Amino acid sequence: MSVQDNNSDLDPLQSALIDPHRGRLNRLRTFLHPGKLTSAAGRVLSDAKTVISDRLNRPNGAAAESNMPPNPNDWDLARLRTLIGQELAGSDVIIVSNREPYVHSAGPDGIRCAMPAGGLVSALEPIARGCGGTWIAHGSGSADRETVDDHDRIQVPPNNPSYALRRVWLTPEEEKGYYLGFANEGLWPLCHNAFVRPIFREDDWNHYKTVNARFAEAVIEEARTDAPIVIVQDYHFSLLPRMIRERLPNATIVTFWHIPWPNAEVFGICPHATEILDGLLGSDIIGFQVPLFRINFVECIDRTLESRINHENWSVRYGGKISQVRTYPISIVWPDRSAQAAISAPTAREALAIKPGAKLIVAVGRLDYTKGIPEFLQAFEDLLTQNPEYCGKVHLYYVAAPSRGEVASYRTLHKDCLQISQAINDRFGTEDYKPLLFADRHANRDELSRLYREADVCVVPSLHDGMNLVAKEFVAEREDEQGVLILSRFAGAIQELPEALAVNPFDLSKLTATLRAALEMPLPEQTARMRRMRETVRSKNIYRWAGRLLEDAAHVRARNQLLRRGGHAQDRLARSPLRSPSEISLRTTRKNDAETSGS
């Protein structure tokens, strides 16, 4: 399959109409090809099972998603719980991530428990609660050790415990080498094409292997059966699937890679590329955000490992085992209307001292060189330079949460952003007007909700991003169907939100022009664009992401169980002594003679 097939420029409705016919034509060609009848029939049966399963799970017997407009009831927490109850009832489910879902910190008022912000935690929490399994993560809180039992476990959530959190401890040297070193100075820049040279140190690699092995040991200890479902998260654990497979060969292992996957030439820079690919192929399913990352991953395998790749169903046979390569665009929890109603009247503008009638541009993200912060700040300065009438009437509020301050490139970025911000304010600011407010701090959920709901424009200028959930959060908060989203075409979210104003963040003149177009966009056009984006985000929410992943895991587990049973039966037949036809005939004759004499 080509890149064009996976990243079509067709309107979503056109794609929905064309793809089914294309699939039927491809299957017909397969049937007509000599020697392919059996495999084609198997694929048709597999397709039919998938369609039946989808219809059974769809509320009210609704039609297939591709033939109907987005329905907000397609996937919600209730449906996800139903799926877990039907497909995974009694299953041993283990989630593995570097970040833990609850952190215990010591403070002047005692120990405080908090859930860290981030898409990963919100995505996996419904699975953990619904399955009642175990979540294994690095214990990073200052009071984490004080709150676990003798087996390093604690039941969470605090107010309604429904699953176990198993904490893994790292030494400062291990955390520096595994996390800050190999994962974030090596793999992170390698995968993001952000023009920061990746650094690969042998000591960092050794710590990375050690920590992956320690997490593998924790998985073995926490597994209640010999065939658990293990869900591995992100680039911190590329070696973990193989390590688990060697100890638990019957496990169903799903790995989701949250960040981009580079092309083969870039990935080949990594001195441990072979070991990483081998480790990931210990998984039954490897998931990516968008089709392009899947294509890059398979191309890397093709160039690096002796394997057999099936591009029709995106599977890889390696070392006698099949791994499926899938795409699962991650998303957010659709805001609860009652929670929205509880948010106070607009106060973000008042807090920022923005005068009535002035325009507010917001940008939110981690203080990371992949987010395109200096480039966007330069574009904002150009906007004020080229349009002096905006001075005093347009404000930019950039919330940049500090991140990885121990890494030199992040410290340099932080310093540069502060200098650029100060220069802009010195040039355009007055006693009662400060054009740029740069907040290098974390913002809580309520503050971000108010910002999203009151902003005229939200900008996501990422240089490279796996998905970017800020774009979806902004859309979800705009119940008034107003506001404009400017979205980098190098963020995965642009494939699901084509109604956003797409920009190349490296093209500062176009970025500046797009900012002006967004500020002057008529309200009817804002509403038309926002309405369609909200339909998309509402229907393709986090429960859909989790549900599709779990459905595929359940199907793989069922298939593997059938194959194991078939293999056991074949082994029993193979161990049975073979008898010749003459032996069988002689035995039958003797049995008949005995029965005759007895009568």
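Flag set for Trp135, criterion: assigned to a strand (DSSP E or B) and either buried (at least 16 other Cβ atoms within 10 Å of the Cβ) or modelled with pLDDT under 95 (or both). Whenever a residue of the range 306-318 is closer than 16 Å to Arg294 by Cα, its partners that are of a type outside the set (Lys, Arg) and modelled with pLDDT under 95, lying with C-beta atoms within less than 6 angstrom and at least six residues away or across chains, give the pairs His311/Met1. Look at (1) open to solvent by 40 Å² or more (accessible area, probe 1.4 Å); (2) at pLDDT 95 or above; (3) not polar (S, T, N, Q) and you find that Arg337 fails only one, number (2).
Condition check: over 26 Å from Asn263 (Cα atoms), touching a residue at least 60 places away in the same chain (Cβ under 8 Å), surrounded by 19 or more Cβ atoms within 10 Å (Cβ to Cβ) and within 24 Å of the chain's Cα centre (by Cα). Does Val219 satisfy that? In short, yes. Within the range 238-287, the set of residues being in a helix (DSSP H, G or I), open to solvent by less than 10 Å² (accessible area, probe 1.4 Å), closer than 22 Å to Ala227 by Cβ and of a type in the set (A, V, I, L, M) comprises Leu240, Ile244, Leu280.
Selection of the range 428-448 for residues being of a type in the set (Gly, Ala, Ser) and open to solvent by 90 Å² or more (accessible area, probe 1.4 Å) yields an empty set.
Counting the residues of the range 502-519 that are without any contact (Cβ under 8 Å) to a residue 40 or more places away in the chain and open to solvent by 30 Å² or more (accessible area, probe 1.4 Å) gives 6.
A quick yes/no check of all residues on (1) among the β-branched types (Val, Ile, Thr); (2) modelled with pLDDT of 95 or more; (3) under 19 Å from the mean Cα position of the chain (by Cα):
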| residue | (1), (2), (3) |
| --- | --- |
| Val230 | yes, yes, yes |
| Asp234 | no, yes, yes |
| Leu239 | no, yes, yes |
| Leu248 | no, yes, no |
| Pro262 | no, yes, yes |
| His272 | no, yes, no |
| Asp278 | no, yes, no |
| Ser283 | no, yes, yes |
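Taking the listed residues Arg548, Arg572, the one that is of a type outside the set (Gly, Ala, Ser), outside any loop (DSSP other than H, G, I, E, B) and either surrounded by 10 or more Cβ atoms within 10 Å (Cβ to Cβ) or at pLDDT 95 or above (or both) is Arg548, with no other qualifying. Val364 passes every criterion in (1) without any contact (Cβ under 8 Å) to a residue 24 or more places away in the chain; (2) hydrophobic (A, V, I, L, M, F, W, C); (3) crowded, with 16+ Cβ neighbours inside 10 Å apart from (1). Applying the criterion of at least 3 residues that are among the basic types (Lys, Arg) and over 25 Å from the mean Cα position of the chain (by Cα) to the helices (runs of 4 or more DSSP H) found wholly in the range 394-505 leaves 408-428.
The set of residues in the range 84-118 that are buried (at least 21 other Cβ atoms within 10 Å of the Cβ) and part of a helix (DSSP H, G or I) contains only Ile84.
Looking across the range 379-388, the residues that are open to solvent by 20 Å² or more (accessible area, probe 1.4 Å) and either more than 19 Å from Glu431 (Cβ to Cβ) or part of a loop (DSSP other than H, G, I, E, B) (or both) come down to Glu381, Asp382, Thr385, Gln386. Going by what's in this entry, would Val168 be described as surrounded by fewer than 22 Cβ atoms within 10 Å (Cβ to Cβ) and in contact with a Ser or Thr (Cβ under 7 Å, 6 or more places away or on another chain)? Spelling it out, it is not the case that Val168 is surrounded by fewer than 22 Cβ atoms within 10 Å (Cβ to Cβ) and in contact with a Ser or Thr (Cβ under 7 Å, 6 or more places away or on another chain).
Name the residues in the range 531-540 that are open to solvent by 10 Å² or more (accessible area, probe 1.4 Å) and farther than 16 Å from Ile486 by Cα, would you? Selection gives Glu535, Thr536, Arg538, Lys540.
Could you tell me whether Ala528 is open to solvent by less than 30 Å² (accessible area, probe 1.4 Å) and either in a helix (DSSP H, G or I) or at pLDDT 95 or above (or both)? Spelling it out, it is not the case that Ala528 is open to solvent by less than 30 Å² (accessible area, probe 1.4 Å) and either in a helix (DSSP H, G or I) or at pLDDT 95 or above (or both).
The values are calculated or read from the model by the stated rules, or taken from the named source; none is laboratory data. It should be emphasised that the depicted structure is a prediction, and the values quoted were computed from it without experimental measurement. Note that each Cβ is placed from the backbone with ideal geometry, even for glycine, and that neighbours are counted across all protein chains shown. Calculation scope for accessible area: heavy atoms of the full protein, side chains included, ligands and nucleic acids excluded. Shrake-Rupley method; radii C 1.70, N 1.55, O 1.52, S 1.80 Å.
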